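Input: a single structure, listed below in structure tokens.
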Amino acid sequence: MFQKIGKATRDKLARLGIRSPFDLLLHLPLRYQDETHLYPIADAAPGQTVLVEGIITHASVTYKPRKMLAVKIRDASGTLQLRFLHFYPSQVATFTPGVTVRAAGEVRHGFFGAEMVHPQCHVVKKDTPLAEALTPVYPTTQGLSQATLRKLAGEALRQCDLKDTLPQAIRAALRLADFEDSIRLLHQPPPDVSPAALDERNHPAWQRLIFDELLAQQLSMRLHYRRRHARGAPPLPSGKTLTAALQARLPFALTGAQQRVAHEISADLARPHPMQRLLQGDVGSGKTIVAALAACQAIENGFQAALMAPTEILAEQHFLKLSAWLAPLGINVAWLTGSLGKKDRTAALEHIASGAAQLAIGTHALFQEQAIFSRLGLAIIDEQHRFGVHQRLALREKGKAADAPHASPLTPHLLMMSATPIPRTLSMSYYADLDISVIDEPPPGRTPIVTRLVDNARREEVFSRVRDACMQGRQAYWVCPLIEESETLQLKTALETCETLSQTFPELAIGLVHGRQPAADKAAAMAAFKSGDIQLLVATTVIEVGVDVPNASLMVIDHAERFGLSQLHQLRGRVGRGAPQSTCILMYQPPLSETARARLKIIYENADGFEIARHDLRLRGPGEFLGARQSGVPMLRFADLERDQALLDPARAIAEQMLAEFPEHAELHLTRWLGLQQEFLKA
Ligand code: ADP
Ligand code: MG
């Protein structure tokens with residue numbers, strides 16, 4: 001049928017993402033118009049979309065305030081003004097006094113009485129019948145009429161194979177409506193269907209479509225999981241040599257939550273299939289030690305481990321911390337980032353390739369072409385949400401590189417870590433291709449951070465807070481205003497802020513870190529801050545992840561209204577890491593936009609990362625919240641994770657059951673819903 005559609009229409013359909021008859025069927029109405037009965041003009045409540053019928057008493061084209069066609073109609077109950085801002089000469093010719101018209105739209109009560117702007121309006125005869133059912137209103141694009149979309153949907157309904165992709169047993173168990181009935185009903189609702197149930201999308205037909213969409217998502221994610229799981233990985237059982245030695249040397253005991261997740265990871269590593277696990281834990285929850293234990297387990301089995309961090313600063317912090325933990329155990333740790341000199345770089349690469357380096361730590365340079373591991377058993381990605389999909393996929397494939405002569409044919413185990421907690425509904429949906437471990441308890445001995453919102457007008461008070469803290473032997477961060485649009489401006493702002501603060505605090509030792517600095521300067525500034533030689537560290541968001549200086553007890557965020565929720569939460573997490581009472585001052589510049597105000601209120605009222613993430617999701621929606629990840633994962637068109645939560649668990653369970661017991665149905669379902677999009681998931 002698509003061949004018969006003219007090119008102009010096909011192009012417009014393509015703009016709506018419709019390329020096949022089945023796409024047309026999944027192009028479901030946004031809402032429905034009730035044209036099944038007429039309202040007396042006087043009864044039409046404001047704001048309600050109604051159909052009225054009347055005789056034209058007056059029609060003219062007027063030019064004030066702008067050109068429009070004004071048509072007055074009358075029925076037995078009253079009169080109504082219809083206004084058309086865009087109109088054709090043919091309409092001026094037909095809408096003449098004495099003619100009867102039907103108009104559908106919203107009635108507004110304006111200064112000149114009741115009116116309807118841009119109604120859908122057509123001439124009728126005395127006995128023109130009313131619609132028998134609700135009229136669907138489709139999402140559309142310029143130049144593509146509702147009538148055309150309705151006609152095409154009707155044809156698609158006649159031509160497409162509407163066979164149910166769910167086995168009868170599953171449909172019955174979940175009391176799901178039949179697919180064909182559902183899709184027909186949504187495009188052509190019968191006369192008796194409730195408009196409210198369709199609008200709320202809790203009608204069984206909508207529920208079926210929403211379930212099918214969630215199921216398709218689960219199927220593709222679980223299939224992806226299974227495919228990777230089917231590969232071989234080196235079994236790395238816990239040898240309790242290095243891991244035990246590391247634990248014995250720690251100045252603290254693991255929390256219950258850390259023990260639990262460490263155990264889950266340890267069990268995965270022992271299996272002959274690659275681990276695919278996401279470790280979630282709020283800022284400061286102690287993920288690094290868990291990663292170090294996993295690395296030890298790989299190393300005690302004679303394999304290499306790699307730890308990748310999104311920024312040089314964080315990678316370097318990890319290098320310092322893990323070297324301090326692991327070097328005394330005789331473990332050889334290598335360091336690889338993009339900014340290493342040629343000689344050091346070559347040496348590091350050789351170390352990694354020969355297997356002499358048992359643990360390699362670095363930025364994504366670790367997983368570029370040249371870096372070849374001799375026996376990579378475990379890859380760890382810290383702050384995984386900061387990496388793009390492609391980097392993560394590249395990493396997943398690493399160690400499998402068949403063209404490398406010495407590379408192991410086995411897939412390494414993969415541990416991803418994230419301090420941006422993901423609400424359960426979202427992780428069940430978009431992270432369904434991973435196993436998830438959660439650290440849900442902070443290490444003991446932390447005092448809660450006090451958060452203050454301070455108007456920029458009270459900057460002086462903030463200055464004295466900084467001075468006091470530093471004079472008491474504590475340290476402070478000053479985060480520069482964020483300039484997202486321009487790196488050059490960001491750099492300028494950072495330099496200026498540092499300059500001004502140096503003048504304000506001549507008595508303090510001040511350092512600066514920013515993204516454009518040479519790596520060595522960055523490292524030097526961080527080291528000086530860590531050792532206490534620098535009291536006030538002026539920084540851009542490069543310190544957002546991973547920086548851990550327990551003596552720092554004050555964080556000032558300049559122009560906090562410009563930062564996102566998770567950024568604010570991460571930045572705030574840089575303090576409160578030691579015993580002293582810590583404070584985070586969010587300095588804002590009024591007037592605040594509504595969203596900025598909402599964000600500041602949320603961060604002020606909440607300390608828990610999961611809670612903040614839930615708010616963030618609500619404010620921004622899943623697409624923005626997930627950022628880069630979405631480009632590799634089909635987004636949901638019909639399902640709403642909040643509203644349709646109850647369908648999520650069954651969708652997941654049924655996906656597993658279908659993959660195991662009804663693979664043909666599963667394949668049919670995936671093809672129907674995702675078609676070519678599936679290609680993404682093979683990556
Ligand atoms: P994150 O989860 O944000 O990566 P880190 O691993 O950097 O957190 O840990 C934050 C701080 O807490 C570090 O200084 C770390 O040494 C410390 N820490 C981790 N686990 C414990 C524990 N069980 N008891 C006390 N301190 C801990
Ligand atoms: Mg960390």
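Miscellaneous remarks
- Of the listed residues Glu316, Glu664, the order by accessible area with a 1.4 Å probe, largest first, is Glu664, Glu316.
- Placing pseudo-labels 7 Å out from each Cα toward the beta carbon at Ala196 and Thr57 gives an inter-label distance of 3.5 nm.
- Region 449-606 shape via C-alpha gyration tensor axes, a/c threshold 1.5: rounded
- Environment charge at Ala133 (Cβ cut-off 12 Å; Lys +1, Arg +1, Asp -1, Glu -1): -2
- These residues, Glu383, Glu461, Glu624, Glu180, go from largest to smallest accessible area, 1.4 Å probe, as Glu624, Glu461, Glu180, Glu383.
- Given a 1.4 Å probe and the protein chains as shown, Leu82 ends up with an accessible area of around 0 Å².
- Candidate lysines for bridging to Lys151, where Cα separation is under 29 Å - those fewer than 8 sequence places away on the same chain excluded: Lys4, Lys7, Lys12, Lys125, Lys126, Lys163
- Percentage relative contact order, region 37-130, counting C-alpha pairs under 8 Å, at least six apart: 30 percent
- Segments 344-351, 444-451, 355-362 sorted - mean Cβ within 10 Å per residue, highest first: 355-362, 344-351, 444-451
- Ratio Rg/Rh, restricted to region 37-130 and using Cα atoms, in which Rh is the Kirkwood radius: 0.93
- The chain: relative contact order as a whole-number percent, Cα under 8 Å and 6+ apart: 12 percent
- As a length-normalised measure over Cα pairs under 8 Å and 6 or more apart, the relative contact order of region 241-439 settles at 31 percent.
- Amide H contacts under 5 Å for Leu236, placed H, 5+ residues apart: Ala270, Arg271
- Residue-level accessible surface for Thr595, protein heavy atoms, 1.4 Å, Å²: 80 Å²
- 20 Å reach of a label modelled at Phe252, 7 Å along Cα-to-Cβ, counting backbone N of region 608-624: 608-610
- Stretchable slack from Gln368 to Tyr225, in nm (0.36 nm times residue separation minus alpha-carbon distance): 49.1 nm
- Antiparallel bridge percentage (DSSP; both residues within the chain; nearest 5): 35 percent
- Accessible area expressed per residue, region 61-148, with surrounding protein chains retained (probe 1.4 Å, Å²): 60 Å²
- Here the chain has 54 percent of its accessible surface on carbon and sulfur atoms, given a 1.4 Å probe and all protein chains in place.
- Efficiency of FRET from Cβ geometry, Asp435 and Val99, R₀ 60 Å, rounded to 0.05: 0.30
- Taking every DSSP bridge with both residues inside region 37-130, close to 90 percent are antiparallel.
- Peptides 190-201, 644-655 ranked from most to least packed by the mean count of surrounding Cβ atoms within 10 Å: 644-655, 190-201.
- Reachable lysines from Lys522, criterion Cα separation under 21 angstrom, eight or more residues apart if same chain: Lys321, Lys342, Lys343, Lys492, Lys530
- Ranked order, Arg158, Arg102, Arg386 - accessible area, probe 1.4 Å, largest first: Arg158, Arg386, Arg102
- For Gly355, nonlocal amide neighbours, meaning residues 5 or more places apart or on other chains whose placed amide H falls under 5 Å from its own, are Ser374.
- Accessible area (Å², 1.4 Å probe, nearest 10) - Ile372: 70 Å²
- Cα-projected label distance for Lys4 with Lys321, points at 7 Å along beta-carbon direction, nm: 6.6 nm
- Cα centroids of region 76-121 and region 418-439: 53 Å apart.
- Its alpha carbons considered, region 241-439 gives a radius of gyration followed by a Dmax of 15.7, 48 Å.
- Straightening the chain between Lys342 and Ala524 buys 63.5 nm, computed as 0.36 nm per residue apart minus the Cα-Cα spacing.
- Separation between Cα centres of region 635-664 and region 548-620, rounded to whole Å: 35 Å
- Of the residues Val92, Gly578, Pro423, the one whose Cα sits farthest toward the positive end of the charge dipole of the chain, with +1 on the Cβ of Lys and Arg and -1 on the Cβ of Asp and Glu, is Val92.
- Computed about its Cα centre, the charge dipole of the chain is approximately 880 debye, with only Lys, Arg, Asp and Glu carrying charge at their Cβ.
- For region 144-193 and region 223-287, distance of Cα centres in Å: 47 Å
- Normalised by 2.2 N^0.38 Å, where N counts its residues, the alpha-carbon radius of gyration of the chain equals 1.20.
The values are calculated or read from the model by the stated rules, or taken from the named source; none is laboratory data. Just so it is clear, the structure is predicted and the values come from calculations on it, not from any experiment. Don't worry about glycine lacking a Cβ; one is built from the backbone with ideal geometry, like all the others, and counts go over all protein chains shown. Heads up: the accessible areas ignore ligands, DNA and RNA and are worked out on the full protein's heavy atoms, side chains in. Shrake-Rupley method; radii C 1.70, N 1.55, O 1.52, S 1.80 Å.
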